[in-house]
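Right, one structure below, let's go through it.
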Amino acid sequence: MDGKTTSRWPVKDKPWGVSVTVDRHSVLVTFVHRALIVEYSTDGHKLHHIRLPPDVLHPLHAHRLPTGRLAVSHGDGRDPLHRLCAFDVDDDGRATTAAALDGRRGDNQQHILDVTELEYLQAGGGGGSDVPLDVPGHIAVDRRSGRVLVADVNNSRLMTVDRRLARCSVLLELAAGREFPVRLCLDEERRRLYVAYNGAVRNGRWTTGRVLAFFFADHNWMIQHLHNEKLY
């Protein structure tokens, strides 16, 4: 890249979230005020309009799951529902809810770790949380395990959700009321998780934050990695 614009894709509303599909080689754009996901080709041609159910207010980010379903996080401000949902999408672009999770689970609450750069994160079990999601602003999908990572902005935490959207755990907690995770990026090849967070809002603007980098691996990757090391 030379920093120059190669193309512009005209849109009629406010685009909010963007993700890239691996198997389809397409781009998913989330429109926050229209309950709409538009799938584009990599050169900007519209492929599909995906209409979300009416109870999905303010969709924030969308990703394709390894199962083929569409994962969408939604909920902002005083919206009655702040959730992570998985949708089945028909040929006409109508999305029906297959699973939904609001971040609350009544089993043992467990905090896996506090924020320390380059700590080792193991994606695994852990307890749930009794606190509902509050602006699930950004998501990332680990295609190796099928898990979904959710930046739970106003709760200052990072959640990990299983592939069926049936169980969730608190993976990472930031300083409550002072550090708000707003973006996630998972490098699946190098098993690095990057978390960008901002400080509290002052005068209508986020204050300075940081980008945290972590090693991120599940149990199967750890075994394979150790096996490969023994081969050499």
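A short reminder: the numbers here are calculations on the coordinates, not readings from a lab. Predicted model, so just to flag it, every value in this text is computed and none were measured. Here the Cβ is made from the backbone with ideal geometry for all residues, glycine too, and neighbour counts use every protein chain on show.
Summing charges over neighbours of Thr97, with a neighbour being any other residue whose Cβ is under 15 Å away from its Cβ, gives +1 when K and R count +1 and D and E count -1. From Cα pairs below 8 angstrom and at least 6 apart in sequence, can you work out the relative contact order of segment 1-101, rounded to a whole percent? That works out to 18 percent.
As a proxy for reagent exposure, ranking Ser73, Ser169 by other Cβ atoms within 10 Å from fewest up yields Ser169, Ser73.
Put simply, when 56-69, 38-51 are sorted by average Cβ atoms within 10 angstrom per residue, most first, you get 56-69, 38-51.
The Cβ shell under 9 Å around Gly146 holds other residues with a net charge of +3, Lys and Arg each +1, Asp and Glu each -1.
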